[in-house]
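The values are calculated or read from the model by the stated rules, or taken from the named source; none is laboratory data. Please read these numbers as outputs of a predicted model, since none were measured by experiment. Note: accessible area is taken over every heavy atom of the protein model, side chains too, but ligands, DNA and RNA are not part of it. Shrake-Rupley method; radii C 1.70, N 1.55, O 1.52, S 1.80 Å.
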Amino acid sequence: MRLRLDEARARLTLTYPRRMSRRVALEWAGRQREWVEGQLAQLLPGEPLCPGATIPLEGRTVRLYWEEALPRAPLLSGDQLSCGGPAAAFAGRVERFLRGLARVRLSEATALVAERAGVTVRSVSVGDASSRWGSCSASGAIRFNWRLILAPPHLLDWVVAHEVAHRRHMDHGPAFRTLEAQLYGGSVSAARAELRALGPRLKRVGRAL
Ligand SMILES: [Zn+2]
């Protein structure tokens with residue numbers, strides 16, 4: 001039997017063998033209360049995308065603003081992201097805008113780094129994988145987590161350098177690490193540590209719980 005906490009979605013999952021009764025499994029889960037409470041205590045609060053909230057964006061702090069009469073397409077101006085239309089659609093519009101911005105920034109950065117590395121990239125897409133910031137397939141399709149747009153730009157640059165370096169080396173060996181450091185141009189270990197520390201918060205942005 002296994003209890004697992006999905007931190008990004010604040011969801012607890014109980015897995016038990018098919019032949020075991022649900023009652024026995026739930027009794028077992030009930031005895032894991034101490035573990036569950038410990039996990040929940042560490043969970044960061046959700047940061048829903050609602051008017052008045054502030055979110056991290058490309059190393060800045062941006063305030064979300066809503067006024068029904070404003071255009072429905074979100075507009076980023078200075079440190080304010082404003083959007084009009086029905087209040088119920090606000091969070092969805094803002095998230096789609098952020099995902100779109102992430103796709104643009106990540107595509108631009110990937111094209112630049114790929115050119116410097118002398119490699120080709122077949123496609124760049126964004127998603128919301130909970131465990132990885134980026135991935136690169138053998139055929140050259142690179143996929144990023146859209147939440148990188150919430151991080152300071154140098155962290156986005158590091159993940160881009162990492163995935164582009166995989167276009168030459170599909171492992172994490174010495175040759176890969178040398179190319180990754182060269183393409184990034186900064187301290188890879190510092191960037192990795194920074195993103196690891198910041199990651200849990202970035203994954204809570206746009207979550208209600
Ligand atoms: Zn890798």
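Start at zero, step by 5 Å, and the Cα-Cα distances of the chain spread as 1, 7, 13, 15, 14, 13, 12, 11, 8, 5, 2, 0 percent across the bins. Subtracting the Cα-Cα distance of residue 141 and residue 116 from their residue separation scaled by 0.36 nm leaves 7.2 nm. Of the solvent-accessible surface of the chain, computed with a 1.4 Å probe and all protein chains present, 53% belongs to carbon and sulfur. Across q = 0.21 Å⁻¹, region 108-209 modelled as identical point scatterers on its alpha-carbon atoms has Debye log10 I(q)/I(0) values of -1.10, in the order of the q list. Annotation for region 163-191 versus region 36-64: alpha-carbon center distance of 30 Å.
Protein heavy-atom accessible surface, 1.4 Å probe, per residue over the chain: 57 Å². The alpha carbon radius of gyration of region 108-158, expressed as a multiple of 2.2 N^0.38 Å, is 1.12.
Hydrophobic, long helices, defined as DSSP H runs whose alpha-carbon span along the helix axis is 30 Å or greater and whose mean Kyte-Doolittle value is at least -0.5, occur in the chain at 90-117.
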